[in-house]
Amino acid sequence: MTDQEALFEYLLRLGDSTLILGHRISEWCGHAPVLEEDIALANTALDLIGQTQMWLGLAAEVEGAGRSADELAMLRDVWDFRNLLLVEQPNGDFGQTMMRQCLFDAFHIELLTALSQSDDNRIAGISAKALKEVTYHLDRSSETVIGLGDGTEESHRRMQAALDLLWPYVGEMVTPDAVDTAMHAAGIAPDLTALRARFDTRIDAILTDATLVKPDSTYAQTGGKTGFRHSEHLGHLLTQMQWLQRAYPGAAW
Amino acid sequence: MYAQMITSEATQDDPEKLTTFQARIDSGEKIEPKDWMPEGYRKTLIRQIGQHAHSEIVGQLPEGNWITRAPTLERKAILLAKVQDEAGHGLYLYGAAETLGVSRDELTEMLLDGRMKYSSIFNYPTLTWADMGAVGLLVDGAAIMNQVPLQRTSYGPYSRAMIRICKEESFHQRQGYHIMMKMAQGTTAQKKMAQDALNRFWYPSLMMFGPSDKDSVHSAQSMAWKIKMNTNDELRQKFVDQTVPQAEFLGLTVPDKTLRWNEDKGGYDFAEPDWSEFFDVIKGNGPCNTERLAARNKAWDDGAWVRDGLMAHAAKKRAAKLAAE
Amino acid sequence: MSQEWPLWEVFIRGQHGLNHRHVGSLHAADAEMALKNARDVYTRRNEGVSIWVVEAAHITASSPSDKGPLYEPSESKVYRHPTFFDIPDDAGHM
C-alpha cells in the first residue's frame, strides 16, 4: 500500500463513519420520544453529513480518479466501505441509539482533537471545524446516557442492555491496525493506543455517573474499518441510501 | 389548510365585554395571554393552533419517508433540515397554544386518540423523489398562502409564532421548486416522475384550503376575531394563480382540462377537487391515515420510558443539590 | 399519562449586543437540558450567542388591568423620545 493509498483508506474511514452514523440518526427524524429530541438528533445528523462531505471530498481529491464525494457515498458496495462497525449497528430503542452515539462521540472527540494537530493541513482544518460540533454532540449524548442510566428502573435496565450489546464494537475504534500505524508514522494521525487511554477515562466517568457497569469482556468485533467483514446491517442501509442513484444511473438530482 | 374546517365556539359572555374585545381587535391591537377574552375565542384558537401544530408534526412523516433515500449528500442535508424545521414549527405552535391553558401533552393525546385532526394532505403517500419537489411546490406553496396573512392574526403568541415560521419557511418552497426544476430538465424518466407527482398532488393540494366557506357562520366569526384572515376560496384562487405559471415554466401540465385564464376576473378558472374524497380522508379513510397515526402513536409510546427516565434523573439531581446546600 | 416535562421560556441575545429577547418556549426536565434544547431549537440559524432559560412557572407577569397605571404615564413623557426635539438640519447629524 502506497502512502497515498493509505491516506485514501484513512479518509474513507473518517468519512464513511460520519456518513453511516449520520444516516442512522436521520432515520429518527419524525419518530423521537419528544419534539426537542427530534430536533436535536437532526442537528447531530446534519453535522455528521456536513463532515462527510468534507472527508469524502478530500478522499476523492486524494484518490485523484475523478470521483466525487457523492459518487463515493452512493456508488460503492459494502466491501468498499471503511466505517466502524459500531456506527452501522441499527438504532434499536432510543437508549441504544444514544449509547452508540455516546461511545462514538467519546472516541470522535479524542480523534478530532488529535487530528486538528495533524501535519496535513487539510485534515487539521476539517478536524478543527468538526471538533466544535462533536464537543457539543458528546455533551448532549453523555448527559442523556447519564440521565437515562440514572433515571428509572426501566431506563437503567435498557441503558445497561444497550451498553452490553454495543461494547464489543468499542475495541475496533481504539485498536490500531496497519493503516492507523502508517498514518501515525507519517505524522497525519494520532497513536490510537495512547488515545485509548483518554477514551477510557472519559467513558469510565460517564458510565460511573450513569450508574452503569462496563462489561468485563475485552472481546472486539473487527472488520469494519478494514472493510474485511461488515455486519449484515450495512448492506440494507446501502440498499436504501443508494437506491435512486443505482436505479437511475447518470441522472442529475 | 393546515387548520381545516375549524368550527368556532359559540360564546356566552357579557355583551359589553364582547364589544370592547371586538373593538380592540378591530383597531389592530394584539390580544395577549392574560387579557380577557371570550371563551369561544380561546377554545377556537386552541383548536386551530393545535390542529396547525399537529399538521406540522404529522407533516414530518411523508417527507421523512425520503430522507434515507435522498439522491445526494446535499439533498439529504437539505431535506433533513426542512423536516427538522417542521418539528420546530410544531413546537412553536404548541408553545402558542400552551399560553391558552392547555398543555402540549394534552394536545398530543388528543391527536393520538383521534379527537383532534391534522391537515388532510399528510394522508397522501410520497412515492417517488419527485414527490419531494411536488410537496415543496404545492403543499408548502399552499401553506404559505395561509401562513403569511396569519402573521397579522389577533392573538399575540400565535402571530409571533407565525412570524418566526414564515421566516424559516421561505427556503422550503424554493428547495421543492429546485428539485422539480432538476427533474423537469433531467432524463425522460425524471420528467415523467415529476409529471406523475404533480398529477397526484394537485387536487389534494387544492383540498388543503377546505371546502368553500363563503356561507359558513364559523368562518365569519373566526374572520371577525382575526384568527382566520381570508376565505378558503380566496386563498385557493390565489394559490392556483400563483402555481399554474410556475408549473408551466417547468414544462409540466396541471392535471385539469378545464383550466383557463379568465381575463374578466384576472385569475384562472379551475376544476374543484372531489370533495367526497376530502371528507373520506378527514374521516380517516385516506390512503395513509392509519400509518400516520400509528407512527405518531408508536413514537409517543416508545418514548415514554425516555421522558420518564430523564424526568426521574432531574428529580434526583434536584434532591441531591438540596441535600448538599 | 406520565408527568410532563416543565415548560421553559427562552431568551436569546444575538450577535449585535442587544438585550436578551424572548424567542419562545420549550419543554425540558431541568435547566441544563432546557439550555441544550434551546440551543438546538432556537439557534438553528445562528441566531444567538447567549441563551437564558427560565422555568415558565417562575415568571411573574403584569396583569392587563394594571396596563393603565403601569404604562400610560410614560405615554405623556414624549420628551424622552429623540423625535420630540425639532433640530434644524443645519446643526448637522445628531
Student exercise, the stretch A:3-247 dipole from Lys, Arg, Asp, Glu Cβ charges, in Debye to nearest 20
160
Rounded to the nearest 0.05, what FRET efficiency do B:Phe279 and B:Val217 give with R0 = 22 Å and r taken as the Cβ-Cβ distance? Could you check?
0.70
B:Lys298: which lysines have alpha carbons under 20 Å from its alpha carbon, excluding same-chain residues fewer than 8 sequence positions away?
B:Lys117
Output ³J(HN,Hα) for the stretch A:81-92: one whole-Hz value per residue in order, computed from phi by the Karplus curve 6.51 cos²θ - 1.76 cosθ + 1.60 with θ = phi - 60°, and x for Gly and Pro.
7, 10, 6, 5, 4, 3, 6, 8, 5, x, 4, x
Kirkwood Rh in Å, taken over chain B so that all alpha-carbon pairs contribute:
21.2
Given unit charges at Cβ for Lys, Arg (+) and Asp, Glu (-), the dipole magnitude of the stretch A:36-117 about its Cα centre in debye, nearest 20, is 260
Distance between modelled label sites at C:Ile59 and A:Ala197, nm, 7 Å Cα→Cβ extension
5.1
Surface accessible to a 1.4 Å probe, B:Ile282 within the full protein complex, Å²:
40
Trypsin sites (Lys or Arg not before Pro) lying in DSSP loop within the stretch B:157-229, provided at most 16 other Cβ fall within 10 Å:
B:Lys214
Distance violations [Cα-Cα > 19 Å] among B:Lys30/B:Lys226; A:Lys129/B:Lys76; B:Lys76/B:Lys182; B:Lys34/B:Lys228
A:Lys129/B:Lys76; B:Lys34/B:Lys228
Signed unit charges on C-beta, dipole axis of the stretch B:52-192, positive-most listed residue B:Gly156, B:Ala184, B:Pro71
B:Ala184
Kirkwood-based Rg over Rh for the stretch B:230-325 (C-alpha set), two decimals?
1.36
Once amide H atoms are built 1.01 Å from N in the peptide plane, which residues 5 or more positions from B:Tyr155, or in another chain, come under 5 Å H to H?
B:Ile31
Return the equivalent ellipsoid semi-axes of chain A as a descending list in whole Å, where each equals the square root of 5 times an eigenvalue of the C-alpha gyration tensor.
28, 22, 16
Between A:Ser68 and B:Lys167, the two model label points (7 Å from Cα along the beta-carbon direction) sit apart by a distance in nm of 3.3
Round to the nearest 0.05 the FRET efficiency obtained for A:Glu61 and B:Glu39 when R0 = 51 Å and r is the Cβ-Cβ distance.
0.20
About the Cα centre, charge dipole magnitude for the protein assembly as shown (Lys/Arg +1, Asp/Glu -1 at Cβ), debye
460
Calculate the spin-label point distance for C:Gln3 paired with C:Arg21, positioning each point 7 Å from the Cα along the beta-carbon direction, and give it in nanometres.
3.6
Over all viewing directions the Cα convex hull of the stretch C:7-61 casts an average projected area in nm² of 3.6
Using only the Cα atoms of the protein assembly as shown, what are the Rg and Dmax in Å?
27.5, 88
May I ask you to evaluate 6.51 cos²θ - 1.76 cosθ + 1.60, the Karplus curve with θ = phi - 60°, for each residue of the stretch B:92-108 and list the ³J(HN,Hα) values in order in whole Hz, giving x for glycine and proline?
4, 5, 4, x, 5, 5, 5, 6, 9, x, 10, 8, 5, 4, 4, 4, 4
Classify the stretch B:12-78: rounded, prolate or oblate, from the alpha-carbon gyration tensor (a ≥ b ≥ c, eigenvalue square roots; a/c under 1.5 rounded; otherwise prolate if a/b is larger than b/c)?
prolate
Long pairs among A:Lys225/B:Lys191; B:Lys167/B:Lys321; A:Lys214/B:Lys316; B:Lys192/B:Lys214, criterion Cα-Cα beyond 32 Å
A:Lys225/B:Lys191; B:Lys167/B:Lys321; B:Lys192/B:Lys214
Positive end of the dipole of the protein assembly as shown, charges at C-beta (+1 Lys, Arg; -1 Asp, Glu), about the Cα centre: which of A:His184, B:Leu259, B:Ile31 has its Cα farthest in that direction?
B:Leu259
Note, ³J(HN,Hα) from phi for the stretch B:279-294, Karplus 6.51, -1.76, 1.60, rounded to Hz, x at Gly and Pro
5, 4, 5, 4, 6, x, 9, x, x, 10, 3, 4, 5, 4, 5, 5
R0 of 41 Å, Cβ-Cβ distance B:Leu127-B:Ala224: FRET efficiency to nearest 0.05:
0.45
The set of residues whose placed amide H lies less than 5 Å from the amide H of B:Asp213, leaving out same-chain residues fewer than 5 positions away, is B:Asn232, B:Asp233
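The values are calculated or read from the model by the stated rules, or taken from the named source; none is laboratory data. Note that the structure is predicted; figures quoted are calculated from it, not measured. Glycine also receives a Cβ, built like all others from the backbone with ideal geometry; neighbour counts cover every protein chain displayed. With ligands, DNA and RNA removed, areas are computed over all heavy atoms of the protein, side chains included. Shrake-Rupley method; radii C 1.70, N 1.55, O 1.52, S 1.80 Å.
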